[in-house]
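Take a look at the structure below.
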Amino acid sequence: MRIKTVFISQLIVLFLYPCFSQDSYRVGFSSTSLEPDDQFVSLTLAGYAAPWEGRFTLHWKEKGTMPAYLGITGGESHLFFVDGQSLYRSSSKNTSRWEKIGDATGIRQIAAGTNTIYGVDSEGQLKKSDLSRKKLRWKNLGHWDQPVHAIAVAGNKLYLADKEGLFHVADLKARKLKWEKASFFPLEDVISLAGDADRLLALTREGVLYQQGGTYQQGKWIKIGYKNGVTVHEDIKALALAGHQFYGIDSSNRLFQGEHRSRQELSARALSIATADKTVIVVALDLTGINDSFTNMVKNELYKKRALPHSAVFINSSHTHFAPVTQNWPTWQESNRIADSTYLYTVVREAIVKAVEESIDNAKPAELFIGRGSAQLGYNRSLRDHPEIYDNAVDVLRFRYLHDQSEGCLFIAACHPVFSSPEDRFTLSANFPGVARKVIEEKSGITRTLFLQGTAGDINPTDNSEYTTGEKLGNEVMAVLNRPMEKIGGPLTFFLDSVVFDVPVKSRDEILAYTGDEKINANAMLAERNQTWGEIMLDYLKRGTKQFPMPVYVHTLNVGNWKLVGFSRETTTPYSLHVKKMWPGQMVSVTGYTNDVSSYLPTHLHIEKRNYEGMDSFYWYGMPDTYPWNVEEKILTEIKNNNR
């Protein structure tokens with residue numbers, strides 16, 4: 001009996017040994033969606049300041065034709081309209097089917113609350129009726145002296161917009177309506193309002209759509225859509241929200257449903273690699289970037305839930321210019337300056353945490369392999385006189401599960417995801433990294449793929465098509481996978497270092513001289529940006545801020561004989577080329593856009609030229625100045641001395 005027990009124990013040890021040997025790891029993968037759903041009417045696309053009118057996700061899908069109407073609104077699951085005589089309600093499943101539900105003589109504008117509908121007649125009389133009753137009976141609530149341009153219910157409050165662009169609000173939970181001026185700013189030429197529990201939307205005569213929402217907007221109306229002439233051609237004249245669906249009606253009474261224009265490929269992807277005592281996580285986001293404050297919040301949550309140290313979680317953004325805003329752009333248009341808080345702190349945060357946890361929970365024994373190819377995806381847009389400063393490496397990490405030999409791969413390349421067709425500039429997409437993932441998946445059957453952005457700060461695509469660039473990259477990844485690759489073996493270590501730079505804030509005279517320079521303010525866009533930047537800097541001086549911290553984070557993961565080094569900010573090419581030379585004979589991969597994207601990270605070559613990466617971009621990011629001339633030397637010296 002004892003011999004049998006020992007034999008079984010030895011079998012168990014042999015079975016478990018690959019999980020904890022230096023040549024085998026437990027590897028997990030998960031992908032979660034970053035796509036906005038219908039709780040968002042429209043989101044601002046990040047990455048480009050142009051066009052200055054903005055880029056938004058909203059486009060319209062025609063649903064049919066409305067009957068003639070005077071006022072329209074949406075309830076929890078229905079649309080309602082009045083024609084001056086009667087009130088009509090749509091079918092909850094078919095907006096082209098309408099039924100008359102009662103008399104509404106003289107009512108010209110309506111707004112629906114929970115089981116209640118409010119109306120304003122041609123004489124300015126405000127009324128309400130109970131929708132739960134079989135027969136509508138209108139009750140007078142008072143008289144409005146001035147013409148009412150629009151009416152809506154939002155968050156248990158009734159809003160009226162007058163001809164002066166002022167908004168008046170009354171609490172519907174109170175026994176008697178008491179009108180007050182709304183705390184937010186006026187908005188001229190409002191022709192339609194729509195609301196639900198969380199939002200108040202306004203449409204102006206020019207066809208511009210605005211949203212009033214969270215406290216971060218400080219009472220401002222934030223633009224979320226307009227007729228851009230590329231993806232939005234409709235002349236919308238009225239709005240309605242019903243059951244989280246957004247509707248618009250044009251001047252020809254055509255009914256449209258608002259949707260996010262998207263290729264449905266934005267994702268948060270996580271790869272977990274574990275030994276017996278340590279776990280590292282690599283997260284790949286189809287986002288333009290995130291700030292360190294958000295990163296730390298996510299890492300704090302992961303530490304509480306999974307005891308993962310901050311240094312064990314490596315978060316990289318692809319820098320696609322076709323994802324919603326998720327970071328601060330303080331000198332851009334109002335709609336670009338701050339991320340939609342619900343999208344960032346709910347959709348993105350939850351997607352990252354879910355992907356990480358699932359990758360840990362589904363981890364299984366696997367082997368890892370590393371290989372390198374090359375592809376001419378881009379060119380150095382900043383240092384045209386140094387074409388040799390370009391890292392064409394395509395690094396590929398392959399993971400192969402022991403139980404079924406299924407595979408996945410992580411791949412790294414450096415190129416800005418910026419070029420697309422005019423329509424795609426207004427479309428949510430992962431750009432060329434998404435194309436590359438599809439190429440790999442279609443040609444190999446591998447469905448577990450992650451893309452990490454390299455040091456692409458000064459690199460633009462050679463080709464004008466994201467499909468061409470993505471196909472090039474995908475084909476090169478396939479070529480690497482089809483060649484012999486180096487097996488990875490050894491322990492896991494991880495380090496997160498900071499190189500601190502305190503950049504001086506310019507003097508008041510310098511700030512005013514810059515914002516008043518006509519050569520610098522070459523057009524309206526730059527003039528507005530510079531004015532905003534100047535206001536931020538003057539506020540720093542007013543608060544006694546003389547230096548501004550601009551840390552650079554260097555994140556190092558050692559997975560056996562493979563080293564992954566990630567820089568924060570929009571890192572330029574020379575950093576990658578120098579770091580790879582520090583460990584000769586070892587496979588070293590380098591990324592930018594890791595953990596924090598709050599400015600560019602130039603070298604002395606960029607700073608000397610005072611080009612976009614070396615100077616002008618810092619005004620777009622709301623920084624006080626560029627880095628000191630020796631920034632590259634200081635960072636590389638720290639990396640060499642730390643020898644992580």
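For every residue, the table says whether it meets (1) out of contact with any helix residue (DSSP H, G or I) (no Cβ under 9 Å at 6 or more places or on another chain); (2) more than 30 Å from Lys223 (Cα to Cα).
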{"residue": "Asp361", "(1), (2)": "yes, yes"}
{"residue": "Gly378", "(1), (2)": "no, yes"}
{"residue": "Tyr401", "(1), (2)": "yes, yes"}
{"residue": "Gly408", "(1), (2)": "yes, yes"}
{"residue": "Thr427", "(1), (2)": "yes, no"}
**Item:** Number of the exception - Ala522 against (1) open to solvent by 60 Å² or more (accessible area, probe 1.4 Å); (2) at pLDDT 95 or above
**Value:** (2)
**Prompt:** So is Tyr401 within 20 Å of Glu476 (Cβ to Cβ), crowded, with 16+ Cβ neighbours inside 10 Å and hydroxyl-bearing (Ser, Thr, Tyr) or not?
**Reply:** no
**Fill in**
Note on the range 332-372: residues part of a loop (DSSP other than H, G, I, E, B) and either modelled with pLDDT under 95 or acidic (Asp, Glu) (or both) are Trp332, Gln333, Ile338, Ala339, Asp340
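Kindly establish whether Arg372 is touching a residue at least 24 places away in the same chain (Cβ under 8 Å) and of a type in the set (Lys, Arg).
Spelling it out, Arg372 is indeed touching a residue at least 24 places away in the same chain (Cβ under 8 Å) and of a type in the set (Lys, Arg).
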**Asked** Quick check, is Phe494 among the aromatic types (Phe, Trp, Tyr), buried (at least 16 other Cβ atoms within 10 Å of the Cβ) and over 26 Å from the mean Cα position of the chain (by Cα)?
**Response** yes
**Asked** Restricting attention to the range 232-261, which residues are open to solvent by less than 20 Å² (accessible area, probe 1.4 Å) and in a loop (DSSP other than H, G, I, E, B)?
**Response** Val232
**Request:** Working carefully through the options Lys304, Lys299, find the one that is open to solvent by 10 Å² or more (accessible area, probe 1.4 Å) and without any contact (Cβ under 8 Å) to a residue 24 or more places away in the chain.
**Result:** Lys304
**Asked** Looking at the range 374-398, which of its residues are in contact with a strand residue (DSSP E or B) (Cβ under 7 Å, 6 or more places away or on another chain), open to solvent by 40 Å² or more (accessible area, probe 1.4 Å) and over 23 Å from Asn475 (Cα atoms)?
**Response** Arg381, His386, Pro387
**Prompt:** Hey, does the range 552-574 have a residue that's under 22 Å from Ser498 (Cβ atoms), in a loop (DSSP other than H, G, I, E, B) and open to solvent by 10 Å² or more (accessible area, probe 1.4 Å)?
**Reply:** no
**Item:** Residue, surrounded by the most Cβ atoms within 10 Å (Cβ to Cβ), within the range 88-97, restricted to residues that are in contact with a Lys or Arg (Cβ under 7 Å, 6 or more places away or on another chain) and not in a loop (DSSP other than H, G, I, E, B)
**Value:** Ser90
**Request:** Report yes if some residue within the range 323-345 is in contact with a His (Cβ under 7 Å, 6 or more places away or on another chain), open to solvent by less than 10 Å² (accessible area, probe 1.4 Å) and of a type outside the set (Phe, Trp, Tyr); otherwise report no.
**Result:** no
**Fill in**
Flagged pairs (Cβ under 6 angstrom, 6 or more apart or on separate chains; first in the range 621-644, on the phi > 0 side of the Ramachandran plot; second of a type in the set (S, T, N, Q)) are Gly622/Thr331
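The values are calculated or read from the model by the stated rules, or taken from the named source; none is laboratory data. As the structure is a computational prediction, the values presented were derived from the model and not from experiment. Cβ sites come from the backbone with ideal geometry, for glycine too, and all protein chains shown count toward neighbours. What goes into the accessible areas is simple: the full protein's heavy atoms, side chains included, and nothing from ligands, DNA or RNA. Shrake-Rupley method; radii C 1.70, N 1.55, O 1.52, S 1.80 Å.
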